[in-house]
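K.L.:
First the structure, which I've put down as structure tokens, then a few questions once you've had a look.
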Amino acid sequence: MLFIKNIKTSRLLPSLLFIFVLLSSFLFLISIGKDKLILSANANSKLSSDILSEKEKLVVLTEKSVGKINEADSLKPIIISEDDISNVKNIEKYIIGENGKSYLETTPNDTYYSNTSTSYALPGQLLDSWNLRDINLLPTDEVPASAWKTTTGSSNTIVAVIDTGIDTTHSDLSANLWVNPGEIAGNGIDDDGNGYIDDVNGFNFADSFDANGNGTYTNIGDTNNANVTDSDGHGTHVAGVIAGRSNNSLGVAGICWTCKVMALKVVSALTGFAYDSDVALAIHYAAVMGAKVINVSLGGGGTSIIIDNSIEEAFKTYHAIVIGASGNDYIDSSDSYPGAATYVVNVGASYVTNVNDPLSSFSNHGNRMDILAPGGQSNQGATQKEAIVSTYKSNQYALMKGTSMASPHVAGVAALLSDYHRLDVSPWGAKEIRYALLSSATDITNTGAGYAVGFDSKSGYGKLNALSSVAVPNSSVSFLATDVTYPVATINALSDVKAHGTISINGTVSDTNIYIYTLYFLRASDSSVILQRSARGNVNNSTVLSFDTTQLTDGDYYVGI
């Protein structure tokens, strides 16, 4: 296992004090310094946010009977604050109304979206946009409201796609591709000084070459390959679910209509897999370069401290949320990495044929899975229609299934949340977005099929619900500003310190606000993790980890929780 050493992280600078004033209908920003006064005519986005919040508190007074209708002023409503109503003379003359809001009608016109299209990817079967309707992005007969009536995102939000690369020339993705503002394409120079050469749209961590260009992988962080072209199609498909250009009369509608996708290639076309070192570097790069949402639709590997460190850094230092796939082996989700990492929102796959038992037949599940999202179904016949249509390599479109497709649904909604709360007094970060996604999920309570009220191992906290997530108020997530204190955790002493055969570790975890605990089994000589298990909820003197010691070499081992 490879490790990254001496990663330097930036610290947040102390916030400057700004005073905002409104002069003659122009917005000015005055910065108060010790020795000088600077006046700028640039409107500040924070001020815009304050104005919007104030407009929520206004009321409209309209006269009950209008006199001369040809006089424009007689039709003009009076707009005041609620506090000023008591100062209005003859208030009985007026109708008092709320300062309501109107929304854009947001049904996109993309080819594989409209239910009037004759070009279905799945003609005569389920609508190509079934997955978007399933998470309440747009109105349906059952749910007339929609998340897209509240927000469709903007180009201010960056989502990193850590995968096989992206087709950067795809007609449904190119306009939403992230462009590094500090880099000049093709000049062979690290213009922005971030340690990577020509990283205009992202970077290729999988296929870096040495100085001679002969394909030898010489060291972690080799900086000679910014070619992020997708030769597999998987990464392009994932990117399209998140941010296929919407409402452009073409192809698919991505969840975040205009957000920018950063292409980070970690899966080599030569090998078909990703090294932990490349994934860790890609996560670090994404967070440092401004991605607030990071999607990793990979899985299958064992635990990795190097990936854990990068994810924790992204979460805590850069407030970027990492979304991962639970895996497609219908096994315990804790065995698929990096989705099972502590700070990742771990996504399982769902389908809609049976709303009371939505877990896809291939999806991993268990106590490390957080939420379900549309991923399709593997069965043939009637349920074969449930696949996800999205962009594909070589400017094509394709149907794919899997938790790899479920994960970007959550990443797309996370991008909507990040963008929607970007101008808040306290903009949402990873903690707030994570809370909103999980607390607003549609709970599956069918106990007969193995589900339960609240969290359970078959659906996590439930199915992704975009509409409910954007409705989560700021007030309900304010407590997330403070980290949860460590719970009380103990491991019972072993009766036989020289263990042979199968051994069970019993323990107790007790705390009123326990979210998750992880038990580690490590080699004493180098503290490398041999096995780990994570679970939720309190445990009272019961088994938290079992393993067969005959599979290990003789020696000393640590157990920690």
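K.L.:
Identify the single condition in (1) touching a helix residue (DSSP H, G or I) at 6+ places or on another chain (Cβ under 8 Å); (2) within 13 Å of LEU372 (Cβ to Cβ); (3) open to solvent by 10 Å² or more (accessible area, probe 1.4 Å) that TRP428 does not satisfy, given that it satisfies every other one.
P.N.:
Condition (2) is where TRP428 drops out.
K.L.:
Next question. If we keep just the residues of segment 288-319 that are in a helix (DSSP H, G or I) and open to solvent by 10 Å² or more (accessible area, probe 1.4 Å), which is farthest from ASN364 (Cα to Cα)? Please lay out each step first, then the result.
P.N.:
Keep residues of segment 288-319 that are in a helix (DSSP H, G or I), which gives 288, 305-316.
This time we only want the ones that are open to solvent by 10 Å² or more (accessible area, probe 1.4 Å), so: 288, 305, 308-309, 312-313, 315-316.
Working: VAL288: 31, ILE305: 22, ASP308: 20, ASN309: 24, GLU312: 23, GLU313: 26, PHE315: 24, LYS316: 27 Å.
So, considering only residues that are in a helix (DSSP H, G or I) and open to solvent by 10 Å² or more (accessible area, probe 1.4 Å), the one farthest from ASN364 (Cα to Cα) is VAL288.
K.L.:
Which members of segment 364-374 meet the condition of being part of a loop (DSSP other than H, G, I, E, B) and in contact with a Lys or Arg (Cβ under 6 Å, 6 or more places away or on another chain)?
P.N.:
Scanning segment 364-374 gives a single hit, ASN367.
K.L.:
Also, I was wondering about something else. Those residues that are under 17 Å from PRO408 (Cβ atoms) and either in contact with a Cys (Cβ under 8 Å, 6 or more places away or on another chain) or open to solvent by 40 Å² or more (accessible area, probe 1.4 Å) (or both), I need them from segment 457-475; list them, please.
P.N.:
Within segment 457-475, none qualify.
K.L.:
Please go through segment 431-472 and pick out each residue that is without any contact (Cβ under 8 Å) to a residue 12 or more places away in the chain and in contact with a Phe, Trp or Tyr (Cβ under 8 Å, 6 or more places away or on another chain).
P.N.:
Scanning segment 431-472 gives THR445, GLY454.
K.L.:
Scan segment 342-363 for residues that are crowded, with 24+ Cβ neighbours inside 10 Å, under 18 Å from the mean Cα position of the chain (by Cα) and either without any contact (Cβ under 8 Å) to a residue 60 or more places away in the chain or part of a loop (DSSP other than H, G, I, E, B) (or both) and jot them down.
P.N.:
VAL344, ALA349
K.L.:
Hey, another quick one. Would you check which residues across segment 247-265 are farther than 15 Å from THR151 by Cα and under 15 Å from the mean Cα position of the chain (by Cα) and list them?
P.N.:
Going residue by residue through segment 247-265, those that are farther than 15 Å from THR151 by Cα are 248-252, 260-265.
Correct list: LYS260, VAL261, MET262.
The values are calculated or read from the model by the stated rules, or taken from the named source; none is laboratory data. What you are looking at is a predicted structure, and each value in this text was computed from that prediction instead of being measured. A quick note on method: Cβ atoms are made from the backbone with ideal geometry, for glycine too, and the neighbour counts reach across all protein chains shown. Ligands, DNA and RNA are excluded from the accessible area calculation, which covers all protein heavy atoms including side chains. Shrake-Rupley method; radii C 1.70, N 1.55, O 1.52, S 1.80 Å.
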